[in-house]
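Heads up, the thing below is written out as structure tokens.
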Ligand code: GAP
């Protein structure tokens, strides 16, 4: 994980937030390549959920909802973690994760394991961030930053059902920020307090719920494999009864083997009719499906939910590689081309050669109309290649002496390091096609 954090920092993917003020624990800002990588992840998720299907529509609901939404959803009462304080070192820990935590004293042990540890009884700590809406500061103005985007979907169920003319099975997908006042955030982006959730609520006839639950677990697993995660690093783990969230009838996690061990990448839950029933009771608005023949029922919900942050880390961990080439160490991100922040680099071999620079700039202008590409003329060519390797750029086009003679360029493949020559006027179509080809990581399974 340290290598990933350092690469992210060095190459401008992710910075600690508010750094000039000493940082705000476990809060991060994304730089240029981080933003591009996130854009790609988001688009690929939306493509799989909305663009490529006829049965799922998109939604963008508010971050601050009516506070009664969170009473109805059970989050005010149930969205808690067990918290213990240590009276000696003044640190706070999750009572159910003491084996993952470090006591404040040296040599460091788990909380409760040194003679000085003095832990309080566990108490329920609600993870929702509170805020106030309007100028009056009393109980009536209390509101919450959403801890999940799902509730914005449930409260819009009737709107979508009527206006998008859908009938179960159909889904509503949403991407947006969520906030949780985690007791022990950490492990880089893995557990943060502000993150981007990608959730899809799929409404189904109750009798079909188990079948659709399995379907979505498979779909999501295929999505990760398609975008390059190694199969040996992924597994499905079903939650035990005691572990399930208050709304869940069954949940399976897709886990990834992060450097910290197996951890939840995505959860796929069967939420039953819990949410629609709760909102029907609390709001007085019936959230049910009425068929053309007059039959009515409350659909059950299957929900794949994942944060951008967990995918971001999994992709980087999976892609990170180091190798020695011609006695020099190279660090390379072997990202799937569809995910890579920059698709190609255009490099004139000699920056002072006007002919090369002219051809390179013209090619760059042509390619950037379709893709994110970079032009780089600074420094030795080897150093420029290594820079692109570190940000995961799959292809580099180099303009050299031969280009000036025969209008061909070399294309260098990030993974195999093979080079071939192409006519300069075919580069655009070659790149379009190369980015469309199925890709498999050379790191094996
Ligand atoms: N609506 C369902 C829901 O929110 P969850 O398991 O609590 O379920 C969904 O969260 C996903 O959000 C997780 O599978 C994980 O990918 C991500 N996630 C949860 N807490 C997170 C945190 N503190 N930081 C980053 N990602 C988080």
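Rule-based calculations on the coordinates, nothing more; no lab input. Quick caveat: nothing in here was measured; it's all calculated off a predicted structure. Note that we place each Cβ from the backbone using ideal geometry, even for glycine, and neighbour counts take in every protein chain shown.
Computed quantities for the displayed model
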quantity	calculated
Cα gyration tensor, the range 277-343 - rounded (a/c under 1.5), prolate or oblate	prolate
Anisotropy class of the range 234-386 from Cα gyration tensor, a/c 1.5 cut	oblate
Near-label residues of the range 90-116 by backbone N, under 15 Å of a point 7 Å along Cα→Cβ of residue 260	93-103
Residue-span extension gain [residue 354 to residue 428] - 0.36 nm each, minus C-alpha spacing	24.4 nm
Estimated D of the range 339-445 in µm² per second, where Rh is the Kirkwood radius over Cα pairs and Stokes-Einstein applies at 25 °C, 0.890 mPa s	176
Gain on full stretching of the segment that runs from residue 283 to residue 3 - 0.36 nm per residue minus C-alpha separation	95.8 nm
Projected label distance in nm at residue 108 and residue 78, using a 7 Å step from Cα toward the beta-carbon	3.5
Helix 274-283 vs. the chain, principal-axis angle (Cα, 0 to 90°, nearest 10)	60
Modelled FRET efficiency - R0 41 Å, residue 437 with residue 296, Cβ distances, 0.05 increments	0.25
Computed [θ] at 222 nm, helices only, for the chain once each DSSP H run of length n ≥ 4 contributes -39500 (n - 2.57)	-8500 deg cm²/dmol
Distance between modelled label sites at residue 218 and residue 242, nm, 7 Å Cα→Cβ extension	3.3
Inverse of mean 1/r across different Cα pairs in the range 103-234, Kirkwood, Å	19.4
The range 48-97: C-alpha gyration tensor shape, a/c 1.5 cut-off, then a/b vs b/c	prolate
Values of log10 I(q)/I(0), in the order q = 0.10, 0.14, 0.17, 0.22 Å⁻¹, for the range 1-140 under a Debye, Cα-only, solvent-free model	-0.66, -1.14, -1.19, -1.16
Rounded tilt (10° steps) of 308-319 against the dominant C-alpha axis of the chain	40
Longest to shortest principal axis, alpha-carbon extents of the range 80-158, angstrom	56, 31, 19
Pairs of Cα atoms farther than 35 Å apart, the chain, %	41
Between the range 244-283 and the range 96-116, the alpha-carbon center distance in angstrom	30
